[in-house]
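See structure below.
The values are calculated or read from the model by the stated rules, or taken from the named source; none is laboratory data. Since this is a predicted model, take the numbers as computed values, not measurements. Here the Cβ is made from the backbone with ideal geometry for all residues, glycine too, and neighbour counts use every protein chain on show. Heavy atoms of the whole protein, side chains included, go into the accessibility calculation; ligands, DNA and RNA do not. Shrake-Rupley method; radii C 1.70, N 1.55, O 1.52, S 1.80 Å.
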Amino acid sequence: MHDFWQAVVLGVVQGLTEFLPISSTAHLRIVPALLGWPDPGAAFSAVVQCGTLVAVIAYFRRDLTTIIQAVLAGIVRGRPFESFDARLGWMMVFGAVPIMALGLLLKDLIESELRSLYVIAGALAGLALLLMLAEWLHVRAARQGNDGRQLTDVNWGDAITVGLCQAMALVPGSSRSGVTIMGGLFRGLSREAAARFSFLLSLPAIFAAGMYQLVKERDALLVSSEAARNLLVSTVVAGVVGYAAIAFLLHYLRRHSTYLFIVYRLLLAALLVVLLQSGRIEPSTGEELLPPPAAASAD
């Protein structure tokens, strides 16, 4: 990443799409492909996510302070699960185990074949359909007087289910927030509670992925002072924009369903397929937007 304005744009893209259920990884592949920029790569995506990690910590700072204090108090007393806040802290930790374990096991596949835009298009559409099913079940339950459980009602079954769903986010195009909100809705949580639990559950996984990639790919990511500066710019921009995206989504889900994001995902998947089939975008590298056939022949 050697271009300052590319770094800014990708930071905005990361911040907007990390918490909306539309997949940040997909957009960090699609936007550069459409603009003719190189694919920033899985390592860049993971490190820039640290900006959105800071956004979550800042937004939920009071909740996290309470959770950390409860966890430490439970350990000291020898009763680590005695309070809900302490249990929630441990749920965040154990809920992140599936995605971290599978991330290490499948890292080569995730960083290569799964970054194909065909895979991303399929994941965008597939998760949209699953989220639609979760919404339909949620609406049906609401009509029967069950508006969904709140964050204070989250239990170990929810943590295990949502944690397993979070592992689906390893497939680019799935969306971490999308799959975890979907899992929460399937478990009977309200939309806002599902989103809040999704954000809290993302903390250990985002931190682990970002630190792993920063250490592993530090020579490539920090190849020059310019590259290091632009990586920092993207990360900071992602954090600022991500904070606003969290506030927007939580407010939005208090009064609306996720159907807006479902429709967007389906339309984006369809557009990707059209562009891929017409040869306007290369599926594997995403390095350039190809000229239309007429322009190519003229050259």
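As a rough guide to protection, the peptides 161-167, 65-71, 104-110 ranked by mean Cβ packing within 10 Å, highest first, stand as 161-167, 65-71, 104-110. Mean projected area of the Cα convex hull of the stretch 162-213, taken over all directions, amounts to 3.4 nm².
Between the Cα long axis of helix 61-77 and the first principal axis of the chain there is an angle of about 50°, rounded to the nearest 10. Normalising the Debye intensity of the chain to I(0), with uniform scatterers on Cα atoms only, and taking log10 at q = 0.08, 0.11, 0.12 Å⁻¹ returns -0.35, -0.65, -0.77. Relative to the longest principal axis of the Cα atoms of the chain, helix 4-19 runs at roughly 40 degrees.
For residue 127, the shell of other residues with beta-carbons less than 13 Å away shows a net charge of +1, using +1 for Lys and Arg and -1 for Asp and Glu.
Taking all C-alpha pairs of the stretch 1-41, those more than 14 Å from each other amount to 40 percent. Whenever you get a sec, compute what percent of the accessible area on the stretch 42-84 sits on carbon and sulfur atoms (1.4 Å probe). For the stretch 42-84, the apolar C and S fraction of the accessible surface comes to 63 percent.
The P(r) of the stretch 3-139 has a tail past 22 Å containing 55 percent of all C-alpha pairs.
For the peptides 97-103, 182-188, 138-144, 272-278, the ranking by packing is 182-188, 97-103, 272-278, 138-144, with the highest mean count of neighbouring Cβ atoms within 10 Å listed first. Helix 156-167 and the long axis of the chain differ in direction by around 10°, with both axes built from C-alpha atoms.
For the chain, the solvent-accessible area with a 1.4 angstrom probe is 46 square angstrom per residue.
Within the shell defined by Cβ-Cβ distances under 10 Å, the residues around residue 4 carry a net charge of -1, with Lys and Arg each +1 and Asp and Glu each -1.
Taking each DSSP H run with n ≥ 4 as -39500 (n - 2.57) and averaging over every residue of the chain yields -24500 deg cm²/dmol at 222 nm. Using just the C-alpha positions of the stretch 115-155 as equal point scatterers, what log10 of I(q)/I(0) does the Debye formula give at each q in 0.19 1/Å? Relative scattering, expressed as log10 I(q)/I(0), comes to -0.68.
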